[in-house]
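Notes follow once the structure below has been shown.
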Amino acid sequence: MVLISAVRDYIQRMLHDISGMKVLILDSETVKIVSVVYSQSELLQKEVFLVETVETNSKESMSHLKAVYFLRPTSENVQHLRRQLASPRFGEYHLFFSNIMKDTQLHILADADEQEVVQQVQEFYADFVATDPYHFTLSYQFNHIYMLPTVVDPPSSQKFCDRVVDAISAVFLALKRRPVIRYQRTSDIAKRIAQEAARLMYEKENGLFDFRRSEISPLLLVVDRRDDPVTPLLNQWTYQAMVHELISIEDNKVDLKHLGKIPKDQQEVVLSSEQDAFFKANMYENFGDLGMNIKKMVDEFQQIAKSNQNIQTIEDMAKFVDNYPEYRKKHGNVSKHVTMVTELSRIVEEKKLMLVSQTEQDLACNGGQVAAFEAVLKFLNDESISDIDRLRLVMLYALRYEKESPVQLMQLCNKLASRSAKYKSGLVQFLLKQAGVDKRTGDLFGNRDLLNIARNMARGIKGVENVYTQHQPLLFQTMESITRGRLRDVDYPFVGSHFQQGRPHDVVIFVVGGTTYEEARSVAQYNATNSGTRFILGGSSILNSNRFLKDLEEAQRIMKSNANVL
């Protein structure tokens, strides 16, 4: 069972069993959880006539409506509910929580329900945002926390870990499985999250997670974003990843208001593989093939439009009226994708991204320090290259050649500082402190391990079908290692005494610090090869280079102001 259908199933069960007119009441996080898997029109079909947030302080009585609450079980939400139950606005209250409730919270609600309007209280484990069938996120706002040592801000660090453990536990409760847990040895925060997840699943809530299943346990692997800082720094050339990199996707929605003359219904569009057949077919296509497929879609639509102009009889008219909603939907979809691809093309042209990206891919995938230095230097001297692209090129060079050419790296950093007014001094060095070669576990550039060196050479001989998409995230190697039973215990230890018996059929890889759409594509394509192991990818946020750099800057700022603590 994949993630989207798991969450949809929970929402369907919530709304289906309660007949009559309903109001759906959500919090700031469950709004995202519901909106990525359920459209407004689907909610209407379930007789949901109003959607409110739990913070709304309306006093208007609506006793003809039944209230369906779907909330995270936080103390703030329980307090909101307590106040609302004290003077009920609705005829009935049906309470659903996205995770495990504490007994004390249930007592607070029971005491507040003096008028006995609460019909049911249930736990439905949808405590994660399922953006794609095999990809979930938390959309965590303060994502930079993972880069800070716990001593800098213990409460925020604990809050971050708690939220991650809540999401991971909900995924496994939704899948009705209890995993064996491993983590990346070089990451303190990955270790902490893995241990807290194990404590919850094997001690605190042992009974809840005991599904009495005899087959091989699934695997939960907790890794740290800083083990592969290259992937979020690269320009992207496949549809979904490219939209996120150049425009930005927030919970499957794309804001196009800044484009100016755009019809009102196109100012915020949904990009969902569940609700849009064209997007589902093209989300992992490269930019060149995407252009061809858009043209094909436009041609097909023009044929439909032509046939609609040829209305001569009453029957033709009736047929047109019947097909009009479908026609309008198609029209909206065509113009949405045309608008998006037009904007992507404009940005690529304006920022010279084809040139920049070629050098990025060379830095990520091919050796040759002297040529790399010359190429990056050339871009630093080019006025038409944006500040963020210059910064990323220097960072990619630093990650690759920090040990080989420290003197030339210093030259590039000095050049960057003199050329880019926005450059925060020391950010490249801060990245190396966080994610340099001494901090990493995996063979990021395929130059540590003999097998990877051979694979890279073979790839070089065969040639790559597309110079812009030759990079493979480190995650791909990790999936291969798991499938072949070669994930080293010394690098990825088990938590406790629960070890893997045989090769797992289900694996959840959680990236502390956030995933990328390039990695989500890797997972979807790996799953399509039917290797016998199904992978699910999760993370605290979905990164593009902008978000990754913002997290880095914020962590650097906090570390500077807390220098005395460390």
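The values are calculated or read from the model by the stated rules, or taken from the named source; none is laboratory data. Source: prediction; values computed, not measured. Ideal geometry is used to build each Cβ from the backbone, glycine not excepted, and the neighbour counts take in all protein chains shown. These accessible areas exclude ligands, DNA and RNA; they are computed on the full protein's heavy atoms, side chains included. Shrake-Rupley method; radii C 1.70, N 1.55, O 1.52, S 1.80 Å.
Points worth noting:
- Simple spin-label estimate for SER214 and VAL151 in nanometres, 7 Å along Cα-Cβ: 5.2 nm
- Calculated FRET efficiency, MET292 to GLN470, Cβ-Cβ distance, R0 = 25 Å: about 0.75 to the nearest 0.05.
- Solvent-accessible area per residue in segment 132-179 equals 32 Å², computed with a 1.4 angstrom probe and all protein chains kept.
- The relative contact order of the chain, computed from alpha carbon pairs under 8 Å that lie at least 6 residues apart in sequence, is 19 percent.
- Relative contact order for segment 320-401, counting Cα pairs under 8 Å that sit 6 or more residues apart, in percent: 29 percent
- Of the accessible area of segment 108-165, computed with a 1.4 Å probe over protein heavy atoms only, carbon and sulfur atoms account for 49 percent.
- Approximate spin-label separation HIS505-ILE388, in nm, with each point projected 7 Å along Cα-to-Cβ: 4.3 nm
- The phi-based Karplus calculation (6.51 cos²θ - 1.76 cosθ + 1.60; θ = phi - 60°) puts the 3J(HN,Hα) values of segment 260-276 at x, 6, 9, x, 4, 6, 10, 6, 10, 10, 9, 10, 9, 5, 7, 10, 9 Hz, whole numbers, x for Gly and Pro.
- Surface exposure of segment 37-104, expressed per residue as accessible area with a 1.4 Å probe, stands at 49 Å².
- Of all accessible heavy-atom area on segment 494-543, the percent that carbon and sulfur account for (1.4 Å): 51 percent
- Count Lys and Arg as plus one, Asp and Glu as minus one, and take only other residues whose Cβ is under 14 Å from that of SER248; the net charge is then -2.
- Computed with a 1.4 Å probe over protein heavy atoms only, the accessible surface of segment 191-233 comes to 42 Å² per residue.
- Backbone geometry of segment 68-81 corresponds, through the Karplus equation with coefficients 6.51, -1.76 and 1.60 at θ = phi - 60°, to 3J(HN,Hα) couplings of 10, 9, 10, 9, 6, x, 8, 5, 4, 5, 5, 5, 4, 5 Hz, x marking Gly and Pro.
- Classification of segment 112-178 by its C-alpha gyration tensor yields an oblate form. The axis ratio a/c (a ≥ b ≥ c) is 1.5 or more, and b/c is at least a/b.
- Across the cross-link table entries LYS32/LYS336; LYS46/LYS204; LYS46/LYS159, which are compared at the Cα atoms, the separations over 27 Å belong to LYS46/LYS204; LYS46/LYS159.
- Of all DSSP beta bridges in segment 69-181, antiparallel share, percent nearest 5: 25 percent
- Of all accessible heavy-atom area on segment 193-240, the percent that carbon and sulfur account for (1.4 Å): 40 percent
- Qualifying lysines (Cα of each under 19 Å from Cα of LYS550; at least 8 residues distant if same chain): LYS422, LYS424, LYS433, LYS560
- Gyration tensor (alpha-carbon) shape descriptor, segment 29-130, a/c threshold 1.5: oblate
- Tensor-based shape of the chain (alpha-carbon gyration tensor, a/c under 1.5 rounded, otherwise prolate or oblate): oblate
- Considering only beta bridges that DSSP places wholly inside the chain, some 20 percent are antiparallel.
- Each label was represented as a point 7 Å from its Cα along the Cα-to-Cβ direction; for ALA277 and LYS352 these points are 4.3 nm apart.
- Mean residue ellipticity, 222 nm, helices only, the chain: the sum of -39500 (n - 2.57) across DSSP H runs of n ≥ 4, divided by residue count and rounded to 500, is -15500 deg cm²/dmol.
- Take the Cβ atoms of ARG13 and PHE49, set R0 to 25 Å, and the FRET efficiency comes out at 0.80.
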